[in-house]
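Peer 1: Once you've had a glance at the structure underneath, I'll fire off some questions.
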Amino acid sequence: MRPKRVCQSASAAMAFFVMALSGSSASSGGELARIPTTREQRTLEFRSLPPVPDPPTPAGENPIDSILAGWRKAQKTELRAPVDASLFARKIHLDLIGLLPTPGDVEVYKARPDPAKTADALLGDTRGYAEHWMTFWNDLLRNDEQTSIDGLRKPITPWLYRSLVENKPYDQMVEELLSPGPGGPDGYLMGVNWRGRVNLSQRPPVQAAQNVAQVFLATSIRCASCHDGFTTPWKLKDAYGLAAFFSEGTLETARCEKPTGVFAPAKFLYDGLGDVAADADLSTRRAAVAGMVTRPKNPRFARVLVNRLWDRLMGRALAEPIDEMTEPTCAELLDWLAYDFMGHDYDLKHTIKLIVTSKAYAQSVAEGEAVGEPNELGPVPRRLSAEQFIDAFSRLTGYWARPAELMNIPLDGPEVRAWRHRRPSPLAVALGRPTREQVTTKRVESATVLQALEATNGKTLGDLVSKGAETLLASDWAKDADAVKAANLLFLRAYSRPASPEELAFVGPMLGHPGDPVEARREGLEDLLWIVINSPEFQVIR
């Protein structure tokens, strides 16, 4: 069962946050009805909010740890020991740029373990950061280019990549998505234009409403897009009221596929955040709803995002389920993170750094601990994503597959990372890369039979192993006559640690020597690569 919520505060700001989580409405009219239309106005609105003060934090400490210290005291638990420096270096590289650290990266960190300095360096790698986080945002925003049917959907890949490279403020990103204007990322609201007969609840304006509610407000209105919700408070009129902001003309509601003759006026899900004239044109309605979603007085907007980041970096959210935002395990931490995120101009990198430089993030994982069980709000084991796994193999061997079709991003260099593969391989699909016809806020991490088959006998991975072995054998690594040295280097690349004596005894004969027949060396190396990459130590972030 979930730990009792103990991190609470009586501040007005937190009371407002809690009110929003429960689905209650802020009082409408007056000041709340005026939607800020510029960044300056949003900044002023943020400053008008009751402040969420920083927790008492000793110099050099992370406020996250100060908040969680009180939580642990109440729960009568203790901070787990940190992972060793090698594992931490591996984890933070995979989390921030999606790539394994080089052996040199690991040695530098072990010599001077400084999470803040490492985080700054990795987040400062704008290309590495952007290429890794494209996967996260592509899943959330249903951005994909694998279809060959003209007009089915319109990707937003160049805009999204530039936004990450520039570290565009999150509220600005969302405002541009919901009110794209000329030359903006209008493909997001276009959605998927299904061929043939389409369920009325899947028309593009209704898709837009469902996706906006789920992704940016952690509110599910999918059932309410067809009929009044059975398990939620949302009604058909609520779903269509939000959809009307994205409709070219008037939008007739339909209950269970039957038109009702009732036309929905544009109305936001939560009261008190603004409204729009009934006769407003489409661009005005889009601008209005963009302002309502992103304004600082919308208490869900920032909370939802920091909750998603915590989940992405820790393996579990502060408030579960992640798309409903029920009572959080520690409300004080979620409130403070959201307020701090807004106070730093919705800077994604700021909040990511804050999380990965906390002692909470650096803890060793509790093996066998499941989401929702009593915990210390620390990390749980996480499987590499499909893209991370393929990129990790490429980093290990030096072989980067280059499919004929790539995502629409002209990037230089030999490293073609897996997110850019327009049509995912059977391996990538088995490892969880979605079609993105629906929003994916969190990929399923449980192992499947299909994954086992692809990982042990799949043609895609077999080809990668064969090409990877060829690349390694053509590199300087294969010229070293010292099998122990060669094995240690391979293990350092794969696991961020040298091989153990037992492993060396097993691996040495498989590697052979530079003078051995090439075919024999290739077969031995292929066998070794299969073993290395199918190990949980390679596939899991701890």
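Peer 1: As an exercise, identify the trypsin sites (Lys or Arg not before Pro) in the stretch 67-114 lying in DSSP coil whose Cβ has no more than 13 other Cβ atoms within 10 Å.
Peer 2: Hits after loop and neighbour filter: 76.
Peer 1: Also, I was wondering about something else. Determine the gain in length on full extension of the stretch residue 74-residue 237; use 0.36 nm per residue of separation and subtract their C-alpha separation, reporting nm with one decimal.
Peer 2: 54.3 nm
Peer 1: With every protein chain kept in the model, how would you rank 330, 256 by accessible area, 1.4 Å probe, largest at the top?
Peer 2: Result of the area sort, largest leading: 256, 330.
Peer 1: Check residue 235: other-chain or 5+ apart residues with amide H under 5 Å from its amide H, H built from backbone geometry?
Peer 2: 229
Peer 1: For the chain, what does -39500 (n - 2.57) per DSSP helix run (n ≥ 4), summed and divided by total residues, give at 222 nm, in deg cm²/dmol to the nearest 500?
Peer 2: Here the helix-only value at 222 nm equals -14500 deg cm²/dmol.
Peer 1: Report ³J(HN,Hα) in whole Hz for each residue of the stretch 526-538, in order, from the Karplus equation J = 6.51 cos²θ - 1.76 cosθ + 1.60 where θ = phi - 60°; Gly and Pro get x.
Peer 2: Karplus-based 3J(HN,Hα) across the stretch 526-538 equals 4, 4, 5, 4, 4, 5, 4, 7, 8, 6, x, 4, 7 Hz.
Peer 1: What pairs in 76/442; 168/237; 267/297; 297/349; 235/258 have C-alpha atoms more than 26 Å from each other?
Peer 2: Those over the limit are 76/442; 168/237.
Peer 1: According to the square roots a ≥ b ≥ c of the eigenvalues of the Cα gyration tensor, what is the shape class of the stretch 242-340, taking rounded for a/c under 1.5, prolate for a/b larger than b/c otherwise, and oblate for the remainder?
Peer 2: prolate
Peer 1: Compute the length gained on full extension between residue 411 and residue 345: take 0.36 nm times their separation in residues and subtract their Cα-Cα distance, giving the result in nm to one decimal.
Peer 2: 20.9 nm
Peer 1: If you count, for each residue, the other Cβ atoms within 10 Å and average over each peptide, how do 154-160, 172-178 line up from highest to lowest?
Peer 2: Highest-to-lowest ranking by the protection proxy: 172-178, 154-160.
Peer 1: Counting only residues 5 or more places away or on other chains, whose amide H sits under 5 Å from the amide H of residue 421 once H atoms are built in the peptide plane?
Peer 2: 407
Peer 1: Set Lys and Arg Cβ to +1 and Asp and Glu Cβ to -1, take the dipole of the chain about its Cα centre, and tell me which of 447, 60, 109 lies farthest positive.
Peer 2: The residue sitting farthest along the positive end of the dipole is 447.
Peer 1: Only loop residues by DSSP count here, and only those with at most 14 other Cβ atoms within 10 Å; note down the GluC sites (Glu not before Pro) in the stretch 200-284 that meet that.
Peer 2: Those that pass, being in a loop and sparsely packed, are 248, 257.
Peer 1: Please work out how much accessible surface residue 350 shows to a 1.4 Å probe, ignoring ligands, DNA and RNA, in Å² rounded to 10.
Peer 2: Accessible surface of residue 350 is approximately 50 Å².
Peer 1: If each of residue 364 and residue 197 carries a label point 7 Å out from its Cα toward its Cβ, how far apart are those two points in nm?
Peer 2: 6.0 nm
Peer 1: For residue 535, put the label point 7 Å out on the Cα→Cβ axis and report which residues of the stretch 452-489 keep their amide N under 12 Å from it.
Peer 2: Only 487-489 fall inside the zone, counting backbone N under 12 Å.
Peer 1: Place a point 7 Å from Cα of residue 59 in the direction of its Cβ. Which residues in the stretch 111-127 have their backbone N less than 14 Å from it?
Peer 2: none
Peer 1: Taking the Cα centre of the stretch 420-465 as origin, work out the dipole magnitude from +1 charges on Lys and Arg Cβ and -1 charges on Asp and Glu Cβ, in debye rounded to 20.
Peer 2: 260 debye
Peer 1: Just subtract the alpha-carbon distance of residue 489 and residue 473 from 0.36 nm times their residue separation and send over the number in nm, one decimal.
Peer 2: Once the chain is fully extended between residue 489 and residue 473, it gains 4.4 nm.
Peer 1: What does the charge dipole of the chain about its Cα centre add up to, to the nearest 20 debye, if the Cβ of each Lys and Arg holds +1 and the Cβ of each Asp and Glu holds -1?
Peer 2: 940 debye
Peer 1: Which one, 264, 298, 283, projects farthest toward the positive side of the charge dipole computed for the stretch 256-298 from Cβ point charges (K/R +1, D/E -1)?
Peer 2: The one lying farthest along the dipole's positive direction is 298.
Peer 1: How big is the chain by Rg and Dmax over its Cα atoms, in Å?
Peer 2: For the chain, the Cα-based Rg and Dmax read 25.0, 83 Å.
Peer 1: Looking only at the stretch 173-194, which residues have a backbone nitrogen under 12 Å from a spot 7 Å from the Cα of residue 283 in the C-beta direction?
Peer 2: Backbone N within reach: 180-184.
Peer 1: Name the residues whose placed amide hydrogens come within less than 5 Å of the amide hydrogen of residue 497, ignoring near sequence neighbours (fewer than 5 apart) on the same chain.
Peer 2: 492
Peer 1: How high is the relative contact order of the chain, in percent, counting Cα pairs under 8 Å that sit 6 or more residues apart?
Peer 2: Once normalised by length, the contact order is 19 percent.
Peer 1: Projecting each Cα onto the charge dipole of the stretch 317-465 (Lys/Arg +1, Asp/Glu -1 at the beta carbon, about the Cα centre), which of 328, 338, 408 comes out farthest on the positive side?
Peer 2: 408
Peer 1: Pop a pseudo-label 7 angstrom from the Cα along the beta-carbon direction at both residue 81 and residue 527 and give the gap in nm to one decimal.
Peer 2: Between residue 81 and residue 527, the label points sit 3.6 nm apart.
Peer 1: So, with a 1.4 angstrom probe, what is the percent of accessible area on the stretch 180-306 that is carbon and sulfur?
Peer 2: Whole-percent figure for carbon plus sulfur exposure: 57.
Peer 1: Let me ask another. Suppose R0 equals 51 Å. What FRET efficiency, 1/(1 + (r/R0)^6) with r the Cβ-Cβ distance, do residue 37 and residue 402 give to the nearest 0.05?
Peer 2: 0.70
Peer 1: Where the centroid of each part is defined by its Cα atoms, how far is the stretch 54-93 from the stretch 418-477 in Å?
Peer 2: Cα centroid to Cα centroid, the span is 34 Å.
The values are calculated or read from the model by the stated rules, or taken from the named source; none is laboratory data. Only a predicted model underlies this, so the values are computations on that prediction, with no experimental measurement involved. Note that we place each Cβ from the backbone using ideal geometry, even for glycine, and neighbour counts take in every protein chain shown. The accessibility values were calculated without ligands, DNA or RNA, using every heavy atom of the protein model including side chains. Shrake-Rupley method; radii C 1.70, N 1.55, O 1.52, S 1.80 Å.
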